[in-house]
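Read through the structure below, which is laid out as structure tokens, and then see the notes.
The values are calculated or read from the model by the stated rules, or taken from the named source; none is laboratory data. The model shown is predicted, which means the values in this text are computed figures rather than measured ones. Backbone-built Cβ (ideal geometry, glycine too); neighbour counts: all protein chains shown.
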Amino acid sequence: MYSGRVRPGGAPGVHELARLVVMKGVVGPLATNVYVLRDRFSGDELLIDAGAAPDRVLALAGDGPLRYLVTTHRHPDHWGALAAVAAAAPDAVTVAHEADAPAIPVPTALAVSGDGDRLTFGDVSVELIHLAGHTPGGLAVLYDDPTGPPHLWTGDSLFPGGVGKTHSAADFTSLLDDVEAKLFDRLPDETWVYPGHGDDTTLGAERPHLAAWRARGW
């Protein structure tokens, strides 16, 4: 049974959906979550945040093939293994938001500019959502499962207990506004949330606390 709780050095978590298999590992000194999304029928994969330990990241991906390497934002703990993983999977397309791509020292083959861009691997399609505030070019990845609740990878923009760290009141307001409008106002409580660090959560578990987060401020 998948719980969303994976510990550094421990076995990966495996979340079995009808079409998609989600594998979660934890890498690096900052315990960054790395996710591999696999179309269970074609085997095609999308990887989110090759943060560190390229051998462990590639082991999580297995035989692939890796089609996309998505970096949710510019901070090094989320791309530390990207160069090595990209070299091992030369046909995979590197993806980041255009506002963060220049700060990622691995060429971004697909620099997205806003909301609604889609990536398809096998017969699985995911949507990219721009969340600005933790960094200017933060991305979330949404899989709107046709057989169940949505699944959402939020990088460092949303965690259990609050939004990600910001460095100014304006950045905090931007991030919380985006998270409310683009995630909570759009998606149901059952939406499963996979953050960039730590345990998973759901939008329903976090929704009652939105007003307290805003009052607490950055």
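Structure notes:
- Among (1) closer than 23 Å to GLY13 by Cβ; (2) in contact with a Phe, Trp or Tyr (Cβ under 8 Å, 6 or more places away or on another chain); (3) assigned to a loop (DSSP other than H, G, I, E, B) - the single one GLU190 does not satisfy: (2)
- Residues within the stretch 121-166 that are surrounded by 17 or more Cβ atoms within 10 Å (Cβ to Cβ) and either among the polar types (S, T, N, Q) or part of a loop (DSSP other than H, G, I, E, B) (or both), tallied: 13
- Candidates GLY62, GLY4 - the one that is farther than 18 Å from ALA111 by Cα and touching an Asp or Glu at 6+ places or on another chain (Cβ under 6 Å): GLY4
- Where strands (runs of 3 or more DSSP E) fall wholly inside the stretch 1-51, the ranges with 3 or more residues that are more than 12 Å from the chain's Cα centre (by Cα) are 13-16, 20-27.
- Matching entry among LEU175, LEU210 (being at pLDDT 95 or above, of a type outside the set (Gly, Ala, Ser) and touching a Gly at 6+ places or on another chain (Cβ under 6 Å)): LEU175
- Some residue of the stretch 176-184 being farther than 30 Å from SER42 by Cα, surrounded by fewer than 19 Cβ atoms within 10 Å (Cβ to Cβ) and of a type in the set (Asp, Glu): yes
- Single unsatisfied condition, ARG19 versus (1) modelled with pLDDT of 95 or more; (2) closer than 15 Å to ASP200 by Cβ: (2)
- Where ARG118 falls short, out of the listed (1) farther than 25 Å from ASP171 by Cα; (2) touching a residue at least 12 places away in the same chain (Cβ under 8 Å); (3) among the charged types (D, E, K, R); (4) surrounded by fewer than 18 Cβ atoms within 10 Å (Cβ to Cβ): (2)
- Residue list for the stretch 40-97, filter: under 20 Å from VAL22 (Cβ atoms), of a type in the set (S, T, N, Q) and buried (at least 20 other Cβ atoms within 10 Å of the Cβ): THR71, THR72
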